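Below: one structure, written as structure tokens.
The values are calculated or read from the model by the stated rules, or taken from the named source; none is laboratory data. Since we're looking at a predicted model, the values are computed, not measured. As a convention, Cβ positions derive from the backbone with ideal geometry for all residues, glycine included, and neighbour counts pool all protein chains shown. Ligands, DNA and RNA are stripped out before the accessible areas are found, and what is left, the full protein with its side chains, is counted by its heavy atoms. Shrake-Rupley method; radii C 1.70, N 1.55, O 1.52, S 1.80 Å.
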Amino acid sequence: RDIASITEALATFFRYTISNMDNLVSLEEELSNAENYFAIQNYRFGDRIRMQVTIEPGSESAVDFMIPKLTLQPIIENAIIHGLEAQVGPGTVSVGIASDGGRLAIEVKDDGVGMSEEVLEGVGRRLVFPEALTNREEKPRNGGIALVNVNNRIKLLFGEQYGLRLSSIKGMGTTVEIQLPVRRGVGA
């Protein structure tokens, strides 16, 4: 049963990744893909990790808002690989969703190992200056490429006022804040 379940989860994940090449998908579709990805990771970690999604009261309609495809999964993947995998014991990835009418705010937070100020500064620098990734000395050794890619796509689609913000405390976890404009789907 486990093999059948994980095979189905992988097939669904890959189908989502390669189909519907539109730039934007509903937040509901993106959450579904992220939860599917998390289910796959759960097999790997043996239920040592968990994910919770919280929608702020009054922001329930946010699930119909359109966001760039593959925004959440790479950030959740980073949280698992860089935050939870390295720690001993259980860990949680929390996804918080809120909207004030004009902006959509998504917060992806883990209670993992966190980052040192030096590593956080390096990732933050790559978010602000993505061209540094082409410079050999600035090649990331501790991840950050997925964050840079998601941030770049958001800024290209919506403008410089949107994108990612990162905060972290060593030994306590990391938070990635995603700021997006409210975009409603066709017919919404």
* To do: For n ≥ 4 DSSP H runs only, could you compute -39500 (n - 2.57) per run for the chain, divide by its residues and tell me the 222 nm figure to the nearest 500?
  => -12000 deg cm²/dmol
* Say we join alpha carbon atoms closer than 10 Å with springs in a Gaussian network model of the chain; which of Glu29, Glu56, Glu77 then has the biggest fluctuation? -> Glu56
* Structure fact -> Hydrophobic long helices for the chain, i.e. whole DSSP H runs reaching 15 angstrom or more by Cα along the axis with Kyte-Doolittle mean at least -0.5, come out as 2-18, 117-128, 145-158
* Report the FRET efficiency, 1/(1 + (r/R0)^6), for Glu117 and Asp47, where r is their Cβ-Cβ distance and R0 is 41 Å, rounded to 0.05. => 0.80
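How large is the dipole of the chain about the Cα centre if only Lys and Arg carry +1 and Asp and Glu carry -1, each at its Cβ, rounded to the nearest 20 debye? Let's see the in-between values first.
Values: 19 positive and 25 negative charges, 79 e Å.
Roughly 380 debye for the chain.
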* Asked: Just by accessible area at a 1.4 angstrom probe, what is the order of Ile81, Ile40 from largest to smallest?
  -> Ile81, Ile40
* Please work out whether segment 34-100 counts as rounded, prolate or oblate from its C-alpha gyration tensor, where a ≥ b ≥ c are the square roots of the eigenvalues and a/c under 1.5 means rounded, while otherwise a/b larger than b/c means prolate and anything else oblate? => prolate
* Please give the per residue accessible area of the chain, computed with a probe of 1.4 Å over protein heavy atoms only, in Å². => 55 Å²
* Which one is right for this structure if Kirkwood radius over Cα pairs in Å is calculated from it: [x] 17.7; [y] 15.9; [z] 17.2? -> [z]
* Environment charge of Gln179, counting only residues whose C-beta is closer than 12 Å and scoring Lys/Arg +1, Asp/Glu -1 -> -1
* Per-residue SASA entry for Val182, accessible area with 1.4 Å probe, Å² rounded to 10 -> 30 Å²
